[in-house]
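Written below as structure tokens is the structure these notes are about.
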Amino acid sequence: MEQQRTDAAESRETKRQRDPFERFVDLSTTLISRAPFFAVCVAVVVIWAVSFPLWSSITKWELALHTFGAVLSLLLLVLLENAGRRNTEAMQEKLNVLAEALAALMDSRAADDPQLREAAEDLREAVGLEERH
């Protein structure tokens, strides 16, 4: 019996290489999630607090931290959203593989049970649902 592959399974075969942005996100997520990054952030805040006498006005002093914080927050948000999306895609791919394996097992046992064969077809159809929505 020939194994039927879903569109989701076929897309896994063609998308093995990651682009430079995805590699950058991987590296950034790894670095950001470690304690040294937190220490650097604390050091920046301490340096900012100690530098108060060097600024000509309190408004400029506050604006410097708020601007830096806003830009850093935006960049981190984009990186974390990308990492979260890829994590969700990876989990979906794993579920698809499990569903395909279960459907293949159901097919191997479905010779005498038409309901089991129908359930296996329903499962294969459900594996491709994320591509249709």
(message) If you filter region 30-133 for trypsin sites (Lys or Arg not before Pro), then keep DSSP loop positions with at most 15 other Cβ within 10 Å, what is left?
(response) ARG34
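Rounded to the nearest 0.05, what FRET efficiency do TRP55 and ARG18 have when you use their Cβ-Cβ distance and R0 = 41 Å?
So the FRET efficiency works out to roughly 0.40.
Quick note: the coordinates plus some simple rules give every number you see, no bench work behind them. Being a predicted model, the structure only gives us computed values, none of them experimental. In this analysis, Cβ positions are derived from the backbone assuming ideal geometry, glycine residues included, and neighbour counts consider all displayed protein chains.
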